[in-house]
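First the structure, in the form of structure tokens, and then the observations on it.
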Amino acid sequence: MEENGKNIVKTDEGAKDGQTKCPKCGATDISLNVKTGKLRCNFCRHEFEVQKFDEILDNDIENLKGEVIGSGASNIEADSKDMITLKCTSCGAEVVIDTASTTVARCHWCRNTLSINQQIPNGAVPDTVLPFKISKQDAKIAIENFVGKRKFFAHPQFKKEFSTDNVMGVYLPYMIVDANAHARLVGQGEHEIRRYTVKHGDSSTTYYDAELYDVEREFDIAIDDLTVESSKDKLSNDKNKTNNIINSIMPFDTENCVKWDSNYIKGYTSEKRDINIEELKPIVNEQCKDVARHSANSTLEYYDRGVKWGAESLDIKGQKWVSAYLPVWLYSYLEKKGNTNLLHYVAVNARTKETMGSVPIHKPKLLFISF
């Protein structure tokens, strides 16, 4: 489907709101089995897997042209509603779901589970989801180990109040971007040809001679699964928040993403996407340039004194954008500092168990030890 020169791919083709039934017994009480990454019927215990997302969209990045957008990544409509009414297909009752906080609910009459799988224009339903793989118990141990290594300088109040009981599993909104680009880098590089030391009385100075070269690199590059946050809150530089630590637990194994199904997020919280592609393009383009510079490094061994790029250009021939939910275990702590509050987070990548976070420091102790 063409829209304003963009190719919109309907990633929710065939999806229906209402009941997702177990293919074996027909029950609707379905949830994620973290150990296997599959959906499990809580009635007959049958496990099944949703289609891998890579099978839905063409993944030929080298021949990607123009702008391809998953329908879940389309612009958020300001007048779209969060409150959605579904009719239960078992008993006919109408059930209201607040998509700002969840996409699943139980019918209050027959107790069947209802879910939203069709995309609505408010950013609540993504194209794809990466299931949880790390259990809550393993995440709690990872957070305890992370904080334990930093307790010596931690604030006494934090040490007194620290508990992993409030650890929560949350799906955070991301854009996954593929790019087919042409990069051109122009600069100067130095190659050392001689190094010598000259004594000046009791001291000495080391000198080097180097040859200076004009350096140019020009190449095509295919960038696969670049991930960028699609939440304004996480992209902000608010000094009273430390949630930018989410970037430190990347990357995610996004090649294992599956087609969106609300049952994957049952039992977890989720955060709705609130930013559009046009606002993310400058960030993505800068990250693509970083990837291009890094790719050029393997051809620069001769310039052992380094290369300074003076001009850079990146021509994007094709881009593909899809909206995704990626899984994180999150511990939060509110530190009160006079009239301001500082939020600290410890996050665990729920696929790799990579852990990073912020622990409030007891500054008097730190200064005393430093002195």
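Read-outs throughout are calculated quantities, based only on the coordinates presented, and are distinct from any laboratory measurement. Owing to the predicted nature of the structure, the values given are computational and were not obtained by experimental measurement. Neighbour counts are summed over all protein chains in view; Cβ atoms, including those assigned to glycine, are modelled from backbone coordinates with ideal geometry.
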Expressed as a whole-number percentage, the relative contact order of the chain with C-alpha contacts under 8 angstrom and at least six residues apart is 26
Per residue convex hull volume, Cα only, region 112-268, in Å³ is 276
Checking VAL68, VAL129, VAL96 against a Gaussian network model of the chain (alpha-carbon springs below 10 Å), the top fluctuating residue turns out to be VAL96
Of LYS337, LYS289, LYS133, the most mobile residue in a GNM of the chain (C-alpha springs, cutoff 10 Å) is LYS337
Connecting every pair of Cα atoms under 10 Å apart in the chain and solving the GNM, the largest mean-square fluctuation among ASN122, ASN263, ASN145 falls on ASN145
The Rg/Rh figure for region 86-173, Cα atoms and Kirkwood Rh, to two decimals is 1.17
For the chain, any Cys whose C-beta has no other cysteine C-beta under 4.7 angstrom counts as unpaired, and these are CYS257, CYS288
For the table LYS136/LYS272; LYS259/LYS289; LYS24/LYS87; LYS160/LYS336; LYS35/LYS151; LYS6/LYS281, the rows whose alpha-carbon distance is greater than 20 Å are LYS136/LYS272; LYS259/LYS289; LYS24/LYS87; LYS35/LYS151
Taking only the alpha-carbon atoms of region 217-335, the convex hull volume per residue, in cubic angstrom, is 178
dims of the chain, Cα set, principal axes, largest to smallest, nearest Å -> 95, 57, 39
